[in-house]
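The values are calculated or read from the model by the stated rules, or taken from the named source; none is laboratory data. None of the values given here were measured: they were computed from a predicted structure. Quick reminder, even Gly has a Cβ in these numbers, built from the backbone with ideal geometry, and neighbours come from all protein chains shown. Keep in mind that these areas ignore ligands, DNA and RNA; they rest on the heavy atoms of the full protein, side chains included. Shrake-Rupley method; radii C 1.70, N 1.55, O 1.52, S 1.80 Å.
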Amino acid sequence: MTKLMFGPALSNAGVTFRLWAPKHERVSLKIEGSELRDMQAVDEGWHQCEVAGAGAGTLYSFVVPDGLEVPDPGSRFQPQDVHGPSEVIDPAAYHWETESWQGRPWEEIVLYELHLGSFTEKGGFRAAIERLDHLKALGVTGIQIMPISDFPGGYNWGYDGVLPYAPDSSYGRPEDLMALVDAAHARGICVFLDVVYNHFGPDGNYMPNYAPLFTEHHKTPWGNGINYDGEGSKPVREFAIQNAIYWITEFQLDGLRLDAVHAIKDDSEEHLLHELARRVREVAGSRHVHLVVENEDNNSDLLMRNEAGKASLFTAQWNDDVHHVLHIAATEETFGYYADYADDAGKVGRALAEGFVFQGEHMPYRGEERGKPSADLPPTAFISFIQNHDQIGNRALGDRMITYRPVEAIKAVTALYLLAPQIPMLFMGEEWGATEPFPYFCDFNEDLNEKVRKGRREELSRLPGFDADDLLDPTARSTFESAKLDWSKLNNAACAEVLDFYKTLLDIRHRDIVPLLKGVGGKSGRFRSQGNAIAVDWLLAGGAQLHLLANLSQEPASVGAQAPGTENIFSLGGVSGDILAPWSVIWSISRA
């Protein structure tokens, strides 16, 4: 296991505290209830202090020469939030019940994205455990947790984290997170964590006061880029890479989702993303550990497979293109970036068969070419969805599709993405037609709160509703509270009917689709379209073929007759001859 440089190191003799602070010759250690201790300056900007008798539960901070008191950037826990002292945690104190867990092969994964603060009424790690049996019965095999690294305030989406190693105290303690992972593994469910290595939040990041964290050579939507390639960048790189290793090893996570990797700028000979993936895979060994990216650039190079068909770097990418084409089909919305995907059922076919819609073509909304060829990749290199935190939360009211579109259209696109060979991802509550919104929310000081209110209006000005006078206040607790799922609605007949539909589809997926995905290579899909109808065929394992016929419209349509000798595994709507009824979806398999 990689020896972690950041954070306190425990031993039988006590604790060794370390801080990388190359901007200062002197740094002091403050342990709660004790006098300041001078730290020893060691190699390459590090300062170190060994304290006999310190151990798990010790509260501490560092003091730089101007008197500024800062938490440990490698803090494992912040019981008093981002501006308070750090707490020493002993990860070995937790007794794992599932220590022999090796994970699950990627083709078996059905993801379920959730936000720990709003997934349950109480919120947090322990409360989430109570809903794992529901997810197992549904057919979920992997939960995708939105970022938990310590952020300021009591509620946040998680992308404003400033202490990447510390699970936010509003969700519980580190051992509570371990218990959640343990409980998930006991049910055969993998746990994935969303991590952010492209920026730090605006409040509580003290590192620039003592280390060269940022560089002016690279710009991002959040300001100067993180210094992954300039002078003094090696420890900064290690800070991110070892963080990924930390989550995989100490918390036994099954994978990571890296946020917006297109905003990670690095001109090094080995890009940070490449080094991180390589080293995480080295540490994981024989375990099934999967690495996922969000990448607006649609850079298929990150998803390349080796000669054995295994991922060399990243396992899969969130496929926004699939979302966009299915969203337009179900809603007929064409504002903003949706306009570039509209009025062309062929784009639905291409997204399902080849992954990306834009594979190097000019995209008007961006004003430039987007993407690289993706047809050579297996379908499992892409994660498909019809809703996620961004696609709901970046609507002015954070409203879910079920609240403004007929159920027939939603059922059709659901049947497409849950049975397609790409890896499906549900958003929490989707499986029973939850109507609670998921608006953006955060909890800063008043100055930053006002900047957020103004910034949201400006950033999303090209989308409808953001110029309204009664726009939701993203900083209000009521906005956060509105996002909490109401689990009592599972008892409603309408919600039970939706849940049964999802269970039926996922049962079919696990029974008929998953066994055909192992070892599937690239160029497996081909498509054709006519009007609003599409046909897609995939060549899968053992020479079997998966066939889709779909009419994503309110009018009858045809794209040709169903292939002879196929076995229907799911039908929605109907087909007469070669005419598909409105909102029809027909899945079938022909075996070699």
Could you compute the FRET efficiency for Ile579 and Thr98, with r as their C-beta to C-beta distance and R0 at 56 Å, rounded to 0.05? 0.60
Nearest-ten-degree value, helix 345-354 long axis tilted from longest Cα axis of the chain: 60 degrees
Taking R0 as 41 Å and r as the Cβ-Cβ distance between Glu296 and Ala52, the FRET efficiency 1/(1 + (r/R0)^6), rounded to the nearest 0.05, comes to 0.20
Out of region 246-345, which GluC sites (Glu not before Pro) are coil in DSSP terms and have no more than 12 other C-beta atoms within 10 Å? Glu269, Glu270, Glu307
For the pair Ala9 and Ala468, the simple spin-label estimate (label points 7 Å beyond Cα toward Cβ) gives in nm 5.5 nm
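Could you tell me whether region 494-535 comes out rounded, prolate or oblate from its Cα gyration tensor? Rule is a ≥ b ≥ c as square roots of the eigenvalues, rounded for a/c under 1.5, then prolate if a/b exceeds b/c, otherwise oblate.
Details: a/c = 4.69, a/b = 1.31, b/c = 3.58.
Since a/c reaches 1.5 but b/c is at least a/b, the shape of region 494-535 is classed as oblate.
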Sulfur and carbon atoms: percent of accessible area, region 280-322 [1.4 Å]: 43 percent
How many angstrom lie between the C-alpha centres of region 6-64 and region 183-262? 23 Å
On the first, second and third principal axes, largest extent first, how far apart are the outermost C-alpha atoms of region 271-376 in Å? 46, 25, 22
Taking Cα atoms, how many degrees apart are the long axis of helix 446-459 and the longest axis of the chain, rounded to 10 and kept between 0 and 90? 30 degrees
Average accessible surface area per residue within the chain, 1.4 Å rolling probe, Å²: 38 Å²
On the accessible surface of region 435-592, probed at 1.4 Å, how many percent belong to carbon and sulfur atoms? 50 percent
Taking +1 at the Cβ of each Lys and Arg and -1 at the Cβ of each Asp and Glu, which of Ala342, Ile586, Tyr155 sits farthest along the dipole of the chain towards its positive end, judged by Cα position relative to the Cα centre? Ile586
Which value results when the Cα radius of gyration for region 116-172 is divided by 2.2 N^0.38 Å? 1.19
Thinking of region 327-424 as a set of Cα atoms, what percent of all their pairs are more than 22 Å apart? 32 percent
Rel. contact order, % - alpha carbon contacts under 8 angstrom, at least six apart, region 31-106: 22 percent
For region 331-340, Karplus-derived ³J(HN,Hα) couplings (6.51, -1.76, 1.60; θ = phi - 60°; whole Hz; x for glycine and proline) come out as 10, 6, 7, 10, 7, x, 5, 4, 4, 6
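Tell me, what is the percent relative contact order of the chain, built from C-alpha pairs under 8 Å that lie six or more residues apart?
Rounded, it is 11 percent for the chain.
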Greater than 31 Å apart at Cα, pairs in Lys136/Lys372; Lys454/Lys503; Lys30/Lys234; Lys3/Lys372; Lys136/Lys518; Lys30/Lys451: Lys136/Lys372; Lys454/Lys503; Lys3/Lys372; Lys30/Lys451
For the Cα atoms of the chain, what angle does the longest principal axis make with the long axis of helix 233-250, in degrees from 0 to 90, nearest 10? 70 degrees
Karplus ³J(HN,Hα) for region 480-490 (6.51 cos²θ - 1.76 cosθ + 1.60, θ = phi - 60°; Hz, whole; x = Gly/Pro) runs 4, 4, 5, 7, 5, 5, 9, 5, 5, 5, 4
Can you compute the radius of gyration and Dmax for region 463-592, using only the Cα atoms, both in Å? 20.4, 61
Given the rule -39500 (n - 2.57) for each run of at least 4 DSSP H residues, summed and divided by the residues of the chain, what is its mean residue ellipticity at 222 nm, to the nearest 500 deg cm²/dmol? -6500 deg cm²/dmol
Between (1) 40, 30, 22; (2) 43, 25, 23; (3) 50, 32, 21, the structure-derived semi-axes √(5λ) of the Cα gyration tensor in Å is (2)
Given a 1.4 Å probe and every protein chain left where it sits, what share in percent of the accessible area of region 127-180 is carbon and sulfur? 46 percent
Rounded to a whole number, the Stokes-Einstein D of region 36-144 in µm²/s (Kirkwood radius over Cα pairs; 4 °C; 1.567 mPa s) is 72 µm²/s
